[in-house]
Amino acid sequence: MTDAINSIGVIGAGHIGDGVARVCAVAGYDVVVQDTDPDTLAGAMGKIEAGLGRQAKSARISADEAKGALSRVRVTGNLADMADCDLVIESAPEDEEIKRQIYEDLKSVLKPHALIATNTSSISITRLATASDRPGKFIGMHFMNPVTAMALVEVIPGVATEQATTDAIMGVVERLGKTAVMAQDFPGFMVNRILAPMLNEAIYALHEGVGTVEAIDSALVLGAHHPMGPLALADFIGLDICLANMTVLYEGLADQKYRPCPLLVKYVEAGWLGRKSGRGFYDYSTEPPTPNR
């Protein structure tokens, strides 16, 4: 079935979506990137071209490979342009209603054999699949951030996902040069089931005055050999995404240990979302960024 996948649609041209588009194009797929936000869409090709240039400059790919990959990507604001895609990877915001509406809109667009993969980091694959017209051809395909640098893709079949769909997606991941791990359809899957509570606990430590932002991050970098402190990582991921992940875990598993930290909730309410908003646990208007506490 993997031989039938030649063209891939990516819905969402944000930081994750453009990374997914880039790795798919480098792997030889024709790629259509769709987004409803004109500003995001306008910058997508520039970001993809710049990223390919960096890869060529560092000799990870050749200049010809970069040029060829760029020629295989096109951007659009029209979801109908997904009509010829063999696989659509949805990388919209981590909001279930937004995702469900996308699957509803795709019903009149996709050809019968096309597969749908969602890049959700924590929402039930089985539940999302019910909003589509093809639950057997629906699967979770969770890319790590940054997509071009991280080797892992979590593959998560739903209850109705057909084995042929799983096999096809495993083949795509292999062609992308990444490693697939299979996860069951439980809240948070594997990575966020473990990672999100760790970040939330670091925020609790800050909230309760156990340490400052700098102290907490330094402790995990130096004491646990993490490449980045948990608060810096939360800012990198996006505090709204961290909150969404914790909310899914808390509501799905009904365990107090997954309760989102009140400080995380307040920062998201204030619009302090981390790097993408310019402020989170660090203020990114300075270089280096300044801890906020």
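Identify all residues within segment 13-43 that are small (Gly, Ala, Ser), assigned to a helix (DSSP H, G or I) and surrounded by fewer than 23 Cβ atoms within 10 Å (Cβ to Cβ); write none if there are none.
Here is the first cut: in segment 13-43, the residues small (Gly, Ala, Ser) are 13-14, 17, 19, 21, 25, 27-28, 42-43.
Those left that are additionally assigned to a helix (DSSP H, G or I): 17, 19, 21, 25, 42-43.
Answer for segment 13-43, where residues must be small (Gly, Ala, Ser), assigned to a helix (DSSP H, G or I) and surrounded by fewer than 23 Cβ atoms within 10 Å (Cβ to Cβ): ALA42, GLY43.
Looking at VAL10, is it under 15 Å from the mean Cα position of the chain (by Cα), at pLDDT 95 or above and crowded, with 21+ Cβ neighbours inside 10 Å?
Answer is yes for this residue.
Quick check: is even one residue across segment 86-106 in contact with a Phe, Trp or Tyr (Cβ under 8 Å, 6 or more places away or on another chain) and more than 26 Å from THR40 (Cα to Cα)?
Looking through segment 86-106, none of the residues is in contact with a Phe, Trp or Tyr (Cβ under 8 Å, 6 or more places away or on another chain) and more than 26 Å from THR40 (Cα to Cα).
So which of GLU174, GLU162 ends up being farther than 30 Å from GLY280 by Cα, among the charged types (D, E, K, R) and surrounded by fewer than 15 Cβ atoms within 10 Å (Cβ to Cβ)?
Values: GLU162 fails: surrounded by fewer than 15 Cβ atoms within 10 Å (Cβ to Cβ).
The match here is GLU174.
Which condition does ALA232 not pass, out of (1) surrounded by fewer than 23 Cβ atoms within 10 Å (Cβ to Cβ); (2) within 27 Å of ILE16 (Cβ to Cβ), if it passes all the others?
(1)
Checking the structure you have, find out if any residue of segment 208-215 is modelled with pLDDT of 95 or more, of a type in the set (Ser, Thr, Tyr), not assigned by TED's automatic domain parsing to the domain that holds HIS15 and not in a helix (DSSP H, G or I). Lay out the reasoning, then the answer.
Pass one, segment 208-215, residues modelled with pLDDT of 95 or more: 208-215.
Right, trim to of a type in the set (Ser, Thr, Tyr) and you get 212.
So of that shortlist, the ones also not assigned by TED's automatic domain parsing to the domain that holds HIS15 come out as 212.
Add one more test, that the residue is not in a helix (DSSP H, G or I), and what stays is 212.
Among the residues of segment 208-215, at least one is modelled with pLDDT of 95 or more, of a type in the set (Ser, Thr, Tyr), not assigned by TED's automatic domain parsing to the domain that holds HIS15 and not in a helix (DSSP H, G or I), which makes the answer yes.
Residues of segment 187-202 being surrounded by fewer than 17 Cβ atoms within 10 Å (Cβ to Cβ) and either within 17 Å of the chain's Cα centre (by Cα) or not assigned by TED's automatic domain parsing to the domain that holds TYR250 (or both), which ones? First the steps, then the outcome.
Of the residues in segment 187-202, the ones surrounded by fewer than 17 Cβ atoms within 10 Å (Cβ to Cβ) are 190, 194, 198, 201.
Within segment 187-202, MET190, ILE194 meet the criteria.
So which residues in segment 242-293 are among the small types (Gly, Ala, Ser), crowded, with 21+ Cβ neighbours inside 10 Å and not in a helix (DSSP H, G or I)?
Of everything in segment 242-293, those that are among the small types (Gly, Ala, Ser), crowded, with 21+ Cβ neighbours inside 10 Å and not in a helix (DSSP H, G or I) turn out to be GLY274, GLY280.
Every residue, every condition in (1) more than 17 Å from GLU94 (Cα to Cα); (2) under 20 Å from the mean Cα position of the chain (by Cα); (3) not polar (S, T, N, Q), yes or no:
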position: GLY209; (1), (2), (3): yes, no, yes
position: GLU214; (1), (2), (3): yes, no, yes
position: ASP217; (1), (2), (3): yes, no, yes
position: VAL221; (1), (2), (3): yes, no, yes
position: ALA234; (1), (2), (3): no, yes, yes
position: THR290; (1), (2), (3): yes, no, no
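Of all the residues that make up segment 145-159, how many are buried (at least 16 other Cβ atoms within 10 Å of the Cβ) and within 20 Å of SER124 (Cβ to Cβ)? If you could, list the steps in order and put the result at the bottom.
The first filter runs over segment 145-159 and keeps only residues buried (at least 16 other Cβ atoms within 10 Å of the Cβ), leaving 145, 147-148, 153-158.
Now drop any that are not within 20 Å of SER124 (Cβ to Cβ), which leaves 153-158.
Result for segment 145-159: 6.
For every residue, the table says whether it meets (1) of a type in the set (Gly, Ala, Ser); (2) in the same structural domain as LEU199 (by TED's automatic domain parsing); (3) under 21 Å from the mean Cα position of the chain (by Cα).
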position	(1), (2), (3)
LEU253	no, yes, no
GLN256	no, yes, no
PRO260	no, yes, yes
LEU263	no, yes, no
GLU269	no, yes, no
TRP272	no, yes, yes
LYS276	no, yes, yes
GLY280	yes, yes, yes
THR286	no, yes, no
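Restricting to segment 245-265, name every residue that is out of contact with any Gly (no Cβ under 9 Å at 6 or more places or on another chain) and over 15 Å from GLU201 (Cα atoms).
GLU251, ALA254
Restricting to segment 256-283, name every residue that is without any contact (Cβ under 8 Å) to a residue 24 or more places away in the chain, over 21 Å from GLU94 (Cβ atoms) and not polar (S, T, N, Q).
ASP283 - this is the single residue of segment 256-283 that is without any contact (Cβ under 8 Å) to a residue 24 or more places away in the chain, over 21 Å from GLU94 (Cβ atoms) and not polar (S, T, N, Q).
The values are calculated or read from the model by the stated rules, or taken from the named source; none is laboratory data. Being a predicted model, the structure only gives us computed values, none of them experimental. Using ideal geometry, Cβ is built from the backbone for each residue, glycine included, and neighbour counts are taken over all protein chains shown.
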